[in-house]
There are 2 protein chains.
Amino acid sequence: MTEKRKAHQASAGSKRAILEAVLSRAVEAGYEGTTMADVARVSGLPIGSVYWHFKNKEQLFVELLDYCYEVWQESTAPVRDMRELLHNTISRSAAASADLADPAAAFWSIGLVFAFERRLEDNLARQRYLEIRRKMFESVTSLLRTTYDGVPDDVAAELAHDMAVMGRALTDGFRVAAAAGDDTDFDRYASLTADALESLVASRLKEYAHV
Amino acid sequence: MTEKRKAHQASAGSKRAILEAVLSRAVEAGYEGTTMADVARVSGLPIGSVYWHFKNKEQLFVELLDYCYEVWQESTAPVRDMRELLHNTISRSAAASADLADPAAAFWSIGLVFAFERRLEDNLARQRYLEIRRKMFESVTSLLRTTYDGVPDDVAAELAHDMAVMGRALTDGFRVAAAAGDDTDFDRYASLTADALESLVASRLKEYAHV
DNA sequence: GTCTATATGAGGATAGAC
DNA sequence: GTCTATCCTCATATAGAC
């Protein structure tokens, strides 16, 4: 029994080690660029163990996305308004490039690779990313909706949707900038972005009031 | 001579056919996903010919980017202001997803794949894309600069830089949306985007006038 | 559960006849 | 310049001892 216990007790730790390993490689090299041999080497385990814990590469990435998203959710304090939201996500674009080992920061950057690789069309990990992307969008939309007081529901809904679309485009765009190595002060542009969207909301609300 | 001419005369056409082939594959599958065998098959030429015309896959993509960029430049009428610029680039994001064979529309979408694949760090095609990306940014910045009248040079320069950064983020962001398959009305958001940035410029200029 | 050896297949690239 | 056959490398995945 002692022998057997020793062989089995490392299991949870090993799985975690493998996920950390694939994370560090994935941020660096993307999906195609990350090899199972790499993962094994970085995790310190033989490749056989990797396949014992995960069915295949595809499934490994599905669980990586779940893992990252979980950490991201836990580590992200609830935000109150659009400005705070934009600041968090855009500043974090820079962080994701700098601190490659932070799952929470890495999640969205890894995801974008899946958005662009159409070859991965029916890859489960890609679908997982798109699913989380949608979920995220819905949650942002309903958050924003609560911030517009004193306007009819349908107006608030449309406004929230528009701001969510533009906020998403902007945060994705700055992630591209980070990936392309553009020399950008993300804090500064997080503020400018918030200014721009807020003034857009203001003029829309004003327009509505005049009707 | 007749024999020899026949063997040689197809050369220019073949090269072009190969570029068209790699374009159609690249938009679909990205860099890694495009195989030399694919390219040969689609172009209708044997793989040996592909390697006769191009040194290797890397060089093939370098010339593809040059080719696309050239077509893009020729087919793009000079724009007069930010609104027109945003409309052109953002609406074209949708076009790039729809009309995969249009080199002009495809250029920026293919480029983004290179931005994200860090594995391709010293890939010449990636560097070519980043080079054109920088060139594009400079040209947009100087265009915008001419649209701010009656303000000191340094203010206009800063404003133009900021707008170019945000415009780039927005267009990249909407390209991501197109790649991720988000259900987005690009025409509508091109307008909203222009509204947002214009109101930001207005408030900045007003701020300056008060000093 | 861990680890080694290896099967299998795909893709980039070349040789050399025509 | 075109085309075929083939080499070589590398990555996913499995078999099977421990």
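Please treat every number below as a calculation from the coordinates, not as lab data. Source: prediction; values computed, not measured. Glycine also receives a Cβ, built like all others from the backbone with ideal geometry; neighbour counts cover every protein chain displayed.
The mean sequence distance of close C-alpha pairs (under 8 Å, at least 6 residues apart), as a share of the length of the stretch B:65-210, puts its relative contact order at 33 percent. Taken over the Cα atoms of chain A, the convex hull encloses 141 Å³ per residue.
Which of the three applies to the stretch B:114-153, rounded, prolate or oblate, going by the alpha-carbon gyration tensor with a ≥ b ≥ c and a/c under 1.5 meaning rounded? Since a/c reaches 1.5 and a/b is larger than b/c, the shape of the stretch B:114-153 is classed as prolate.
Here, the stretch B:46-146 is characterised by an Rg to Rh ratio of 1.02, where Rg is the alpha-carbon radius of gyration and Rh the Kirkwood radius. When a/c is below 1.5 the answer is rounded, else prolate if a/b is larger than b/c, else oblate, so apply that to the stretch B:98-209 with a ≥ b ≥ c taken from the square roots of the Cα gyration tensor eigenvalues. Taking the square roots of the gyration eigenvalues as a ≥ b ≥ c, the stretch B:98-209 is oblate.
Counting Lys and Arg as +1 and Asp and Glu as -1 over every other residue whose Cβ lies under 12 Å from the Cβ of residue B:87, the net charge comes to 0. Would you work out which of A:72, A:151, A:107 lies farthest towards the positive end of the dipole of the stretch A:56-210, given +1 charges on the beta-carbon of Lys and Arg and -1 on that of Asp and Glu, about the Cα centre? Selected residue: A:107. What the phi angles of the stretch B:47-52 give under the Karplus curve with 6.51, -1.76 and 1.60, with θ = phi - 60°, is a coupling list of 4, x, 5, 4, 6, 6 Hz, glycine and proline written as x. In order along the stretch A:122-133, the phi-based Karplus estimate (6.51 cos²θ - 1.76 cosθ + 1.60, θ = phi - 60°) of 3J(HN,Hα) comes to 9, 6, 4, 5, 4, 5, 5, 4, 4, 5, 5, 4 Hz; Gly and Pro are listed as x. Lysine pairs in the protein assembly as shown whose alpha-carbon atoms fall under 30 angstrom of each other, counting only those eight or more residues apart or on distinct chains, come to 24. Over the C-alpha trace of the protein assembly as shown, radius of gyration and Dmax come out as 24.0, 85 angstrom. The label-point distance for residue A:207 and residue A:185, in a model that sets each label 7 Å from Cα toward Cβ, rounds to 3.2 nm. For chain B, excluding the exposed loop sites themselves (trypsin sites (Lys or Arg not before Pro), DSSP loop, at most 15 other Cβ atoms within 10 Å), the longest remaining stretch covers B:81-211. Under a model in which nothing but the beta-carbon of Lys, Arg (+1) and Asp, Glu (-1) is charged, the protein assembly as shown shows a dipole of about 1700 debye around its Cα centre.
Run the dipole for the stretch B:127-193 about the Cα centre, Lys and Arg Cβ at +1, Asp and Glu Cβ at -1, nothing else charged, and hand back the magnitude in debye, nearest 20.
340
Could you give the dipole magnitude of chain B about its Cα centre, charging the beta-carbon of Lys and Arg +1 and that of Asp and Glu -1, in debye to the nearest 20? Charge dipole of chain B: 960 debye, to the nearest 20.
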